[in-house]
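The values are calculated or read from the model by the stated rules, or taken from the named source; none is laboratory data. Predicted model, so just to flag it, every value in this text is computed and none were measured. Here the Cβ positions follow ideal geometry from the backbone for every residue, glycine too, while neighbour counts run over all protein chains shown. What goes into the accessible areas is simple: the full protein's heavy atoms, side chains included, and nothing from ligands, DNA or RNA. Shrake-Rupley method; radii C 1.70, N 1.55, O 1.52, S 1.80 Å.
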Amino acid sequence: MALDLPDFPWDSLAAAKAKAQGHPDGIVDLSVGTPVDPTPRLLQETLAEAADAHGYPQVWGTPPLREAIAGWYARRRNATGVNPDGVLPTIGSKELVAWLPTLLGLGSGDVVAFPEVAYPTYDVGARLAGATPRPMRNLTEFGPEVPKLLWLNSPGNPTGQVLPVEHLAKVVSWARERGVIVASDECYAELDWREGAASPGNLTAPSILDDRVCGGDHTGLLSVYSLSKQSNLAGYRASFVAGDPAIVGRLVEVRKHAGMIVPRPVQRVLEVAVGDDEHVAAQKRVYAARRAMLRPALEKAGWRIDHSDAGLYLWATQGRPCRESVADLAELGILVAPGDFYGRAGEAHVRIALTATDERIQAAVTRLTTI
Ligand SMILES: Cc1ncc(COP(=O)(O)O)c(C=O)c1O
C-alpha cells in the first residue's frame with residue numbers, strides 16, 4: 001500500500017531559486033532555516049574526544065546525559081520536576097515529530113492535531129501512522145471527538161508566535177480532562193526576542209513542562225527539543241524529548257526494537273551542550289544583530305511583519321499571494337519560503353530566515369532598501 005504523503009514542497013521553488021541565482025551579486029538564500037555559523041569549538045572538541053565508541057550506545061541515553069537535560073529544564077525552562085527517567089535523546093527532532101504517532105501506537109481512526117499554520121512534519125507523522133491529520137485553529141473546534149495527540153509549537157515555525165504561560169496552562173487542563181497527550185515542539189525557545197527575554201541570560205519562551213503551566217505534574221505531557229538551531233548542531237542530529245516517564249518509557253521500548261539510537265559521541269556532545277549556556281547566548285547575539293538589520297529593511301520596503309516574537313524567521317506579508325511575493329524577492333536575488341508550504345492559512349505570507357551570514361544579510365538589506 002502506497003503511503004499518502006504530500007509532494008515535497010521545496011521542488012516548487014526551483015524557478016524562483018534559478019531567478020535569484022542569476023542576480024549579479026549572487027543569491028541571498030533565506031528560504032531554509034539551516035544554521036550557517038560554525039559548530040562551537042567546545043562541541044567540536046567534545047565530539048573528537050568521544051570518538052572511541054566501539055560498543056553500542058544506550059537507546060535511552062546515558063544517565064549523565066539524562067541528568068544534564070533535566071538540569072537544563074530546571075535552569076533554563078523553569079521546569080524543576082523533570083525526572084531523568086522521562087528523558088530520551090532523539091536523532092534530531094524531525095525524526096521524533098515524524099514517528100511519534102507511530103511510536104505511540106496510533107493508527108486508523110485516531111486524530112493527530114496540530115496548528116493550522118505549521119511545520120509540515122506534524123501532518124507527515126500522522127500519515128505515517130495511518131492516523132488522521134487535523135490542522136486546527138483552536139481547541140473549541142473539537143466536539144466530542146478529540147485527538148489522541150495534540151501538537152503545539154511554541155515559539156512557532158513559521159510564525160514566530162510564542163504561547164504564554166496562561167495559554168499553555170489552559171491547553172494542559174483541557175487535554176487532561178480528555179486524556180489527550182500533548183507534545184510541545186519548543187526548539188526555538190532560547191531565541192526569544194520579546195522585551196525582557198531578548199537579553200542573553202534571561203529565561204526562555206515557556207515550556208509545556210514549566211512549573212507555572214503544569215504545576216510540576218508531567219502526566220500526558222512531552223516537551224520536544226532540538227540543539228540544531230541554538231548550538232549549530234543540525235549536522236549532528238542532536239535532540240531530545242522529556243516529560244511523562246510512562247510515555248517516554250514506551251517510546252524507549254519501541255525504539256530499542258527499531259534501532260533508533262543516538263550515536264554515543266553525539267550523546268556526549270548533547271550532554272556538554274546543555275550544560276553550557278555561554279555558546280547559546282553568543283549565538284543568540286549573532287541572530288539578534290541579523291534580525292535588527294533585516295526587519296527594519298523589510299518594513300521600509302513595505303512589508304508587514306506578523307508575530308515573529310521568537311525564533312529564526314520573519315513572518316512577512318505584503319497582503320497579496322505569497323507566490324507573487326516570492327517571485328518579487330527572487331528578482332532581487334532573495335529567496336524566501338512561501339507561506340503556503342505551512343498550510344492554507346499561510347497563503348498571504350512568506351517566511352524569511354535569519355540563517356544567512358552577516359555579509360548575505362547586509363546584501364539583502366541593500367537590495368531591499370535601494371529599490
Ligand atoms: C518547529 C520545528 N520542529 C522541528 C524541527 C527539526 O529540527 P531537527 O530535526 O534539526 O532537530 C524544526 C527544524 O526546522 C522545526 O522548525
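Restricting the first member to region 331-345 and to residues that are farther than 25 Å from GLU359 by Cα, and the second to residues that are of a type in the set (D, E, K, R), the beta-carbon pairs closer than 7 Å and six or more apart or on different chains are GLY339/GLU347; GLY339/ARG351; ASP340/GLU347; GLY343/GLU116; ALA345/GLU116. Within the set GLY81, GLY105, the sole residue that is at pLDDT below 95, open to solvent by less than 70 Å² (accessible area, probe 1.4 Å) and either at positive phi or more than 16 Å from the ligand (Cβ to nearest atom) (or both) turns out to be GLY81. I need the full set of residues from region 339-368 which are open to solvent by less than 50 Å² (accessible area, probe 1.4 Å) and part of a helix (DSSP H, G or I), in order please. Correct list: GLY339, PHE341, TYR342, GLY346, ARG360, ILE361, ALA363, ALA364, VAL365, ARG367, LEU368. Residues of region 234-262 that are among the acidic types (Asp, Glu) and over 22 Å from the mean Cα position of the chain (by Cα): GLU253 alone. Hey, any hits in region 33-47 for a residue that's farther than 22 Å from LEU227 by Cβ, open to solvent by 20 Å² or more (accessible area, probe 1.4 Å) and either in contact with a strand residue (DSSP E or B) (Cβ under 6 Å, 6 or more places away or on another chain) or within 16 Å of the ligand (Cβ to nearest atom) (or both)? So far as region 33-47 goes, no, none of its residues is farther than 22 Å from LEU227 by Cβ, open to solvent by 20 Å² or more (accessible area, probe 1.4 Å) and either in contact with a strand residue (DSSP E or B) (Cβ under 6 Å, 6 or more places away or on another chain) or within 16 Å of the ligand (Cβ to nearest atom) (or both). Looking at region 65-106 only, could you name the residues that are under 19 Å from the mean Cα position of the chain (by Cα), in a helix (DSSP H, G or I) and among the basic types (Lys, Arg)? Correct list: ARG76, LYS94.
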